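Written out below as structure tokens is the structure these notes cover.
The values are calculated or read from the model by the stated rules, or taken from the named source; none is laboratory data. Here the structure is a predicted model, which is why all the values come from computation and not from measurement. Virtual Cβ from ideal backbone geometry, glycine too; neighbours counted across all protein chains shown.
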Ligand SMILES: [Zn+2]
């Protein structure tokens, strides 16, 4: 499993961002979007980065959500339900602190971009990203209760806006059983903020890449601004 670090122009000790993709092997635009961001120098060097472009390599090759062992790796970051991939990431990231975690996914049911943004304060990163996607003429998903978000039907700890799922971060961290990486980072305090991006699998490849690139770049721009 590849991991790459990009140093900040501010030298060691600069605030760090972690970006991961490909935990579900059947969501291929996410890893390629992350690699293209690095190739094109779009990671703002005011920050340091830890990049994990494909955290489920066997699933990527097999084009399956799960790993070759049949594990949904993104439900294996908690105690009791682990995977070799999750253990390797957690060990490699031990003692690291991140200002921001970004996790890139795709959704086979969606018609447009949306993001999960556990609420940690009033900085609405998701609003800025939805605006940027709109401005680029790319589609944004209308979300309403009934849209499949992976929560049990009884869950009420989140609000929905166009293109945004906003769970209460504190409840979210106690709520999920097989823990996703993004929630594990919030729960341990390793990440101060976490955003998960979803592009629609049914869209053209170029548009899915463009959606992720724009979402990442806009989140990094927002990170430079003060939190209200
Ligand atoms: Zn996914």
Kindly list the number of the only condition in (1) under 14 Å from the mean Cα position of the chain (by Cα); (2) free of Cβ contacts under 8 Å to residues at least 60 places away in the same chain that fails for residue 58. (1)
Quick one: in region 188-216, of everything that is in a helix (DSSP H, G or I) and under 20 Å from residue 149 (Cα atoms), which residue is farthest from the chain's Cα centre (by Cα)? 208
Residue under evaluation residue 141, criteria (1) over 27 Å from residue 50 (Cβ atoms); (2) touching a helix residue (DSSP H, G or I) at 6+ places or on another chain (Cβ under 9 Å), criterion not met: (2)
Just checking: which of the strands (runs of 3 or more DSSP E) contained wholly in region 12-117 hold 2 or more residues that are away from the ligand (no atom under 16 Å from the Cβ) and under 24 Å from residue 167 (Cβ atoms)? 16-21
Tally up the residues in region 132-180 that are outside any loop (DSSP other than H, G, I, E, B) and on the phi > 0 side of the Ramachandran plot, please. 0
Could you check, for region 3-10, whether at least one of its residues is without any contact (Cβ under 8 Å) to a residue 40 or more places away in the chain and either exposed (fewer than 14 other Cβ atoms within 10 Å of the Cβ) or away from the ligand (no atom under 16 Å from the Cβ) (or both)? yes
Out of the residues in region 161-177 that are in contact with a strand residue (DSSP E or B) (Cβ under 7 Å, 6 or more places away or on another chain) and buried (at least 17 other Cβ atoms within 10 Å of the Cβ), state the one that is nearest to residue 101 (Cα to Cα). 169
Residues of region 186-198 being surrounded by 20 or more Cβ atoms within 10 Å (Cβ to Cβ) and modelled with pLDDT of 95 or more, which ones? 191, 193, 194, 195, 196, 197, 198
Name the residue, out of 220, 201, 149, that is within 16 Å of the ligand (Cβ to nearest atom) and at pLDDT 95 or above. 201
